[in-house]
Structure formats: structure tokens, C-alpha cells
Amino acid sequence: MKSREEWMEAVRMAGSALGANTLRSGLTTLGIVVGIVTVTLMATAIDGLNRAFHRSFSFIGADVLFIQRHAWLSSQEDWRQSRNRREITLEQARIVARRATLARAVSVEVQGIAPVRAGRRSARDVWVVGNTEDSALVRGLTLSEGRWLDAPDVQGGGRPVCVVGADLAAQLFPRESAVGKRLQVGSAHYRVIGVLDRMGQFFTGFNFDHQVVIPITRFTSDLTRWPDVSIMVKVRDAAEIEEAREELRGIMRQLRRVPPGMPDDFAINRQDLLIEQFNRVGGTLAALGLFITGLALFVGGIGVMNILFVSVAERTPEIGLRKAIGAKRRAILAQFLAEAGLLALGAGAIGLLMAWPLSLLVNRVLPATLSPTVALLALATALVTGLVAGLVPAWRASRLHPVEALRAE
């Protein structure tokens, strides 16, 4: 109880001392303020980036392989070389679907951009996707109303039907259901049979809800006859993904007549490899943020240490008087540590107040919010910085001899 009373008294005296030198205290803690703003915004932005990235890929799943011309992770030179590769064809996709024994489902996807019109309303630069009946399963898509493409929609020349994204449906048919309505994609006309559930934006800002899905056979007849085909394979069991990858690699090398010993003229991409690369980049950004934060907090800590040294020098007679009338070393130590802690906590609070409106600006780009955990961590970091910086001056003050301290006046 006595120790608690001593600490309460130390906090009260520290508050009085800081209040008497408000301007000096505020200027001294600028480094801590900058450090807290930096660590708060970095933590908020990285958390938002992680959420956006993982949300963008969560609907695909880790058990999907993508057979494409280009590798997702490649050097600029490799990318230039892959542009000369032969295109993957629909016939190759059909053969893969028949031969792949470890596949649960195989779908084909082609993409393009086209204007879409419905009556007097129109949308520019809409993402047009050519898919098959299994694409919803492979891509992890769900519908809010209507249905997905079925086999008769895709077979032969394909039926003039489509599935639209949530934002596109709301834009073209704001006061009525889009299902059953007709729209024009490029120069071709389609009937809407379904509306996708809202998916949100990709972490780069691409809007998945601003798309229209048509049968791949209609895509090749209405938009382009020679699209760049991607084959998506949903593996039967995620534990067999490496075996499935090797099986698909063998099938594709045979179909594309790649000679033994020659490198593949296609790529088999996996979501988890992209996530690993993203995590490495995120780790680098976090390390850079921690370095900047540490540098700012170091400067702020030096400032706190300096002001406490000045405070000890100015109040040496007061320290001597307190010790002469019975104050113990721990009481003097507690007083100056409390002063350092309050100074740092005040700087941390100011930093949080400055970081909060800035985090709202970040939230316009990324799904990021200033969480209570980050705020508490920032305050704890500021407090520890202040206590560490104030330890040496406080220790020196507590070791002053009362007679020499009184003589200093």
C-alpha cells in the first residue's frame, strides 16, 4: 500500500512539473509523436493490404491450378520470352478435362473488355469473361438470384445468355431484377440468367462486381475467335496438389509436343505461391516501417532523456531538500520515471489523434481501420520508450547526496 501511495504521489508531482513547462515538454516529444504516427499508419495499412489481398483470393481456394501462357511470378526477361509462346487452345482444355485423373473439375476462362448496354443505360470497359458450366465451382462463385451456366448453354455455338456482377446489375437495372432482362455486350445481344453475389474489389482496385459472364463458345464467336485461354483445374484433394500439377504438366507437354529436355512453353500457376511472394513483400514493408519507427522513437527517447537531465539539474536543490527530510531513493526514482512515462504517454496520445484521421484516408483505398489493439500497442510502445529514456536521469537523481544537492542552490 505504501509503495502504491508513493507511486501516486510521484505521478502527481510529475504531472505538476510537466504542466509548468508545457511548451518545452511538447517540443521534446516530437520524435515520439512521429514514431507513433508512423507505426500506427504502417500497421493499419499493412493490415488493410493483407485483408484486401487475401479476400481477393479467398473465393478461389488453394486447391486450384491455373494453366496459362505466362507465369505469375517471373522476371521481365522471362515475361518477354513467354509472350512468344503458342496460345493455349480450347481443344487442349477439353483434352485436359478428359485425361486429368486428380481433378475434381476443369473449367476454361477467357477475358476481354467491351461496352455493355441495356436500353438507355450503358457501362464502359466492362470485364467480359467466357466461362463453362464448371467455372462457378472452380472459381468459388455464388449467385444472389437466377442460375449459372449449364452444359446446354455452352455446347455447340452456345446460347446467348449471361450472368452479371452485382454492381453491373444495379447500374443497368437499378429498380428491377436483372434476371430475364436483355442487354448488349459489344454488338451481340444476351439474356441475363443470373446475378453474382457481391465479391468486392481486388486489392489492386479491380472490381469483380463489374463483370459479365457469357458461354465461352459465344465469346469466341461474338468477341474474338483467338482468345488467350486459361485452364483452371480444381484438384480433388488439396493434399494431392503437387501430384496433380505434375500430371497436368505431363499432359500439357504431350499435347503441345514439347521435346524431352526442353523447357515448358506454358506455366502452371498456384495461388499459394503468389500469397507467399506477397507475404515476403509485406514482411519487407513491415521491416522498413519498424526501422523508420525505431529511428523516430530513438530520437524521441533522446529528447525525453535530455529534458529529464535538464529537469534534474534545475531541481537539484528540491531533490536535496526532499532527501534531507526523509524522502527515499525509490521515491525520487519513481518521480522522474513517472515524469518520463507521462511525457511519453502524452506524446503517444497526440500521435494517435494525428494518426486517426490519416487512417480514414487509408480506408478509402484499403479495407483498413485503426484497431484498438494497434492503438494500445502504440501507447505501450510510447510508454516503454519514455521509461527506458528516463531511467538514467531518474537513477542519477535518486543517487544525489542531500548535502551536495542543497549546496548546489
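The values are calculated or read from the model by the stated rules, or taken from the named source; none is laboratory data. Small disclaimer: the values here were computed from a predicted structure and weren't measured. For neighbour counting, all protein chains shown are included, and Cβ atoms are generated from backbone atoms with ideal geometry for every residue, glycine included.
Restricting attention to region 52-76 and to residues that are at pLDDT below 75 and of a type outside the set (Gly, Ala, Ser), the residue that is surrounded by the fewest Cβ atoms within 10 Å (Cβ to Cβ) turns out to be 76. The residues of region 210-229 that are surrounded by 18 or more Cβ atoms within 10 Å (Cβ to Cβ) and at pLDDT below 90, listed by number, are 220, 222, 223, 227, 229. Filtering region 114-153 to residues that are on the phi > 0 side of the Ramachandran plot and either more than 29 Å from the chain's Cα centre (by Cα) or polar (S, T, N, Q) (or both) leaves 119, 146.
Of all residues in region 305-322, those that are closer than 25 Å to residue 384 by Cα have Cβ atoms under 7 Å from Cβ atoms of residues that are at pLDDT below 75 and surrounded by fewer than 17 Cβ atoms within 10 Å (Cβ to Cβ), 6 or more apart or on another chain, in 307/24.
Residues that are more than 23 Å from residue 255 (Cα to Cα) and modelled with pLDDT under 85 are absent from region 85-94 altogether. Assessment of region 167-182 against the conditions (touching a helix residue (DSSP H, G or I) at 6+ places or on another chain (Cβ under 7 Å), surrounded by fewer than 17 Cβ atoms within 10 Å (Cβ to Cβ) and among the aliphatic types (A, V, I, L, M)) yields no matching residue. Scanning region 365-388 turns up no residue that is over 34 Å from the mean Cα position of the chain (by Cα), crowded, with 16+ Cβ neighbours inside 10 Å, without any contact (Cβ under 8 Å) to a residue 60 or more places away in the chain and in a helix (DSSP H, G or I). Scanning region 374-388 for residues that are hydroxyl-bearing (Ser, Thr, Tyr) and within 17 Å of residue 286 (Cα to Cα) returns a single hit, 381. Name every residue in region 332-364 that is surrounded by fewer than 18 Cβ atoms within 10 Å (Cβ to Cβ) and more than 18 Å from residue 301 (Cα to Cα), in order of residue number. Those that are surrounded by fewer than 18 Cβ atoms within 10 Å (Cβ to Cβ) and more than 18 Å from residue 301 (Cα to Cα): 353, 354, 356, 357, 358, 360, 361, 363, 364. Selection over region 256-304 of residues that are within 15 Å of the chain's Cα centre (by Cα) and within 13 Å of residue 36 (Cβ to Cβ) gives a count of 1. Of the residues making up region 389-401, just one is at pLDDT below 75 and surrounded by fewer than 16 Cβ atoms within 10 Å (Cβ to Cβ), namely 401.
Of all residues in region 296-325, those that are part of a loop (DSSP other than H, G, I, E, B) and among the charged types (D, E, K, R) total 1. Only one of the numbered conditions (1) more than 22 Å from residue 250 (Cβ to Cβ); (2) of a type outside the set (Phe, Trp, Tyr); (3) without any contact (Cβ under 8 Å) to a residue 12 or more places away in the chain is violated by residue 98, and that is (1). Just the residues that are in a helix (DSSP H, G or I), farther than 12 Å from residue 389 by Cα and not polar (S, T, N, Q), please, taken from region 326-341. Result: 329, 330, 331, 332, 333, 334. The residues listed here are 44, 22, 29, 38; of these, the one that is closer than 30 Å to residue 198 by Cα and at pLDDT below 85 is 44.
Checking the stated criteria, residue 140 turns out not to satisfy the condition of being closer than 15 Å to residue 222 by Cβ and modelled with pLDDT under 90.
Against the list (1) under 24 Å from residue 251 (Cβ atoms); (2) outside any loop (DSSP other than H, G, I, E, B); (3) modelled with pLDDT of 90 or more, the condition residue 162 fails is (1).
The single condition among (1) surrounded by 17 or more Cβ atoms within 10 Å (Cβ to Cβ); (2) modelled with pLDDT under 85 that residue 314 does not satisfy is (1).
Yes/no per residue for (1) aliphatic (A, V, I, L, M); (2) within 18 Å of residue 153 (Cβ to Cβ):
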position: 170; (1), (2): yes, no
position: 173; (1), (2): no, no
position: 195; (1), (2): yes, yes
position: 209; (1), (2): no, no
position: 216; (1), (2): yes, yes
position: 219; (1), (2): no, yes
position: 225; (1), (2): no, no
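For region 333-352, does any single residue satisfy the condition of being without any contact (Cβ under 8 Å) to a residue 40 or more places away in the chain and either out of contact with any Cys (no Cβ under 7 Å at 6 or more places or on another chain) or among the hydroxyl-bearing types (Ser, Thr, Tyr) (or both)? Within region 333-352, one or more residues are without any contact (Cβ under 8 Å) to a residue 40 or more places away in the chain and either out of contact with any Cys (no Cβ under 7 Å at 6 or more places or on another chain) or among the hydroxyl-bearing types (Ser, Thr, Tyr) (or both).
Being surrounded by fewer than 18 Cβ atoms within 10 Å (Cβ to Cβ), outside any helix (DSSP H, G or I) and of a type in the set (Gly, Ala, Ser) is a property that does not hold for residue 283. Within region 128-147, take every residue that is closer than 18 Å to residue 191 by Cβ, without any contact (Cβ under 8 Å) to a residue 60 or more places away in the chain and not small (Gly, Ala, Ser) and give me the one that is surrounded by the most Cβ atoms within 10 Å (Cβ to Cβ). Restricting to residues being closer than 18 Å to residue 191 by Cβ, without any contact (Cβ under 8 Å) to a residue 60 or more places away in the chain and not small (Gly, Ala, Ser), the top hit is 133.
Looking at residue 90, is it over 30 Å from the mean Cα position of the chain (by Cα) and surrounded by 14 or more Cβ atoms within 10 Å (Cβ to Cβ)? Here the answer is yes, as residue 90 does meet what is asked.
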